[in-house]
Structure formats: structure tokens, C-alpha cells
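Reviewing the structure listed below.
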Amino acid sequence: MTFGTLKTLSPIMTPKTFFTPGPSALYFTVEDHMKQALKEQIPSISHRSKAFESIYAECVENLKQLLQVPAHVHIFFTGSATEIWERIIQNCVEKESYHLVNGAFSARFHETALELGRKAEKTAAPYGRCVKQEHIRIPETAELIAFTQNETSTGAAQPLEDIYATKRKYPEKLVAVDVVSTLPYINLNHDIIDTSFFSVQKGFGLPAGLGVWIVNEKCIEKAKSLQEKGYSIGSYHTLPALLDKGKKNQTPETPNILGIYLLAKVCGDMLRKGIDTIRKETDYKAAVLYHAINQHHAFTPFVSDSAYQSKTVIVANTQTDSLEFIQKLKEKNMHIGSGYGSYKNSQIRIANFPAHSKEQVEMLADEIAGL
């Protein structure tokens, strides 16, 4: 009896896990929600339809519950968090803003204000640190104070109490907070600050292409006052335009309908899991990762002061070329980030978002120990 040639069975491949700080790992329910969206042809529906209005309303409601956003505070959708830098300056600053800079992205927010013709002052901390509360001195002429609460480029996190204390000290000024790589982990008090914003490809575990802008009435009134004075506050994504359409659960333009749908569903999943559980897991995973870095002979935390160490973006210095470590982990199907900008070859960055399970982080820590 002759048997056919036996086929060699391929080894079972471990799925890739993206610990990159954005885009990052997809939340585990996204695939199922994507399939359902395609089945229902969600990407093809009109943004003026009742179906979209229902998706918009569900997304806003779930976000408000998950992030504990008060009913009187508005949530709008944009193309990205980068866009929101421009919109905040256009809508909320007539002449002058003030920026706390602790890395590349907070520096870029400051540069955006200058490019839009505003006088933009700053206080900058060395990379890997944050401006300490006692060093924050805001000019009387500044209309808006910009914080980057969690600097994705460096892993330096401004304590929330610093932000709240600054607002209490300067109550007449608007306070804007970049929370791009820290929500939904932090418990941000939206009754104290005036506006915050994020994009969905980090902590919410979604495909890139959607920004979320959280805005209070003081920001809306500022935009209207600038408009009445004859200032240009933008075009289709002005705060008055977003508010007018938002009241109808619509957007001024054709938005990322699929992105809004997926965000609504993932927020619902996170609500069922419980935000307290997500935050406790994030703390545990951060402790595991910092322990692995502290124990490694070739790594040291870039942010040396634990009071300013991010729990969601862990950054470490490497004694040798970081690409060597990145490549070794990639061979294990674990993708981590390189350092940002000039730190590309001397640092690693590891995301710790809700999409990363405790088991995945423990496996990564074990692999780091063996490098």
C-alpha cells in the first residue's frame, strides 16, 4: 500500500501582541463588533439617518458613564486628537495660551498655538520629568492653560492634583488636558477642568481615526464670544457647529461612523467589566512591568521619580541599542515601541492599556527577564 507524501504540520503560531503605545492592541471584543458592523452595513449608513443618531447617542451615553462625565458636559467627535489641538486654540484662545511641556507631544501642542498666530508661553521640564506644582506660574494675560497629563513620548505623568490645584488657583482661566494615552485609566474630574481630549487607538483599543473632545459650557461660551468679535474659529468643526449638530446626535460632516459604532460597543463592554476593575488591573500590570525593568541589568526607568511614572506608558532607558531588544521580543510575537524622536535607539516604550491582559503582561515581563 502506498501512502501519499505526509505534509509537514506548521507549528502553532502565537498571535502577535502589540504593546506599542499607539496604535496598540485591539480590545478583545473588537473583532466580533467589527463583524456585526459589517453584517449590518454600518459603514454605509447616512450620518443624517436615525440609525446613526442612535449610534451617536449610545456612544456619548456609554462614554459619559464610563468616564463619569457630568450630564452638562458635551462630547464631540473629530478626526484625531491632533486636530483637537488646533480646535482648542481656535475656539478658546483669543490672544494667549500657556503650556506645561514635559515631552514631544506637549511641545507640539505649544507649537500649534504659535503656528495659529497666538502668543503661547510655556514652562518646560526636562524630558522624563513634569513641571512641579510649585514651579507653575501662569501669566495674568493667559486665557488657557494646557496640560499633557500623560506624555506618551516620555512616560511622565502629571499628577491630577497638580492640575486641579492650578485650576483652583486660576479659576478664571480655561484648563485643557491631553489625556490621549491615559483614559480610561485615570479618574478625571470633569467638573474641575474645562476640556479634555483623546484618540481611540491607545487606551480604548480601537483602530485609529477618531478623536473625542470633552468640553464644558465655559469653552462653548468662549468660542461664541470670539465668533461675535469677528474672529475666525475654524470652519466645520467649530464648537458652535459641533454643539448645534450634537444636540441632534449628529456631526457637521460625514464622520468615522464605524469608529463611533465600535467605540460605543467597547465602552459598553468596559462598563460591564467595571471601570474599577480596569483601573486595579492597570495598577497591577504597571507594577509587574516596572519590576521587570528595575530588575533587568540593561534597563532603567526613564522617569526616575515614581510620583511621575505613567501607569499606561512605561518607558525605559537601554544600555545598548534598543532595537536589539525590540527585535528579540518581536521574534516572540511581542511588539513593543522604540524610544521617541532622539531617544529611538536608547529607549523602549511599553503600553499598558485595558486591551492588554494580566497574562499577556506577565508573559512579556518573563521574556524581558530573559533578554
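The values are calculated or read from the model by the stated rules, or taken from the named source; none is laboratory data. Just so we're clear, the structure is a prediction, and the values are computed from it rather than from any experiment. Don't worry about glycine lacking a Cβ; one is built from the backbone with ideal geometry, like all the others, and counts go over all protein chains shown.
Quick notes on this structure:
- Matching residues, the stretch 96-117, being surrounded by 19 or more Cβ atoms within 10 Å (Cβ to Cβ) and not small (Gly, Ala, Ser): TYR98, HIS99, LEU100, VAL101, ASN102, PHE105, PHE109, HIS110, THR112
- Exclusive hit being within 16 Å of the chain's Cα centre (by Cα) and either at positive phi or not assigned by TED's automatic domain parsing to the domain that holds GLN158 (or both), set GLY79, GLY22, GLY117: GLY22
- Residue list for the stretch 274-299, restricted to those being free of Cβ contacts under 8 Å to residues at least 12 places away in the same chain and within 23 Å of the chain's Cα centre (by Cα): GLY274, ASP276, THR277, LYS280, ALA287
- Extreme residue, surrounded by the most Cβ atoms within 10 Å (Cβ to Cβ), among residues of the stretch 26-61 that are acidic (Asp, Glu) and assigned to a helix (DSSP H, G or I): GLU58
- Out of LYS202, LYS222, LYS265, sole residue that is assigned to a helix (DSSP H, G or I), in contact with a strand residue (DSSP E or B) (Cβ under 9 Å, 6 or more places away or on another chain), touching a residue at least 40 places away in the same chain (Cβ under 8 Å) and of a type in the set (D, E, K, R): LYS222
- Unique residue being at pLDDT 95 or above, farther than 22 Å from ARG108 by Cα, outside the structural domain of ARG108 (by TED's automatic domain parsing) and buried (at least 19 other Cβ atoms within 10 Å of the Cβ) when the list is ALA286, ALA351, ALA298: ALA286
- Boolean, ALA365 is surrounded by 16 or more Cβ atoms within 10 Å (Cβ to Cβ) and either touching a Leu at 6+ places or on another chain (Cβ under 7 Å) or assigned by TED's automatic domain parsing to the domain that holds ALA157 (or both): yes
- Some residue of the stretch 307-314 being surrounded by fewer than 18 Cβ atoms within 10 Å (Cβ to Cβ), assigned by TED's automatic domain parsing to the domain that holds LEU364 and either over 19 Å from the mean Cα position of the chain (by Cα) or farther than 23 Å from GLN347 by Cα (or both): yes
- Some residue of the stretch 167-178 being of a type in the set (Asp, Glu) and part of a helix (DSSP H, G or I): no
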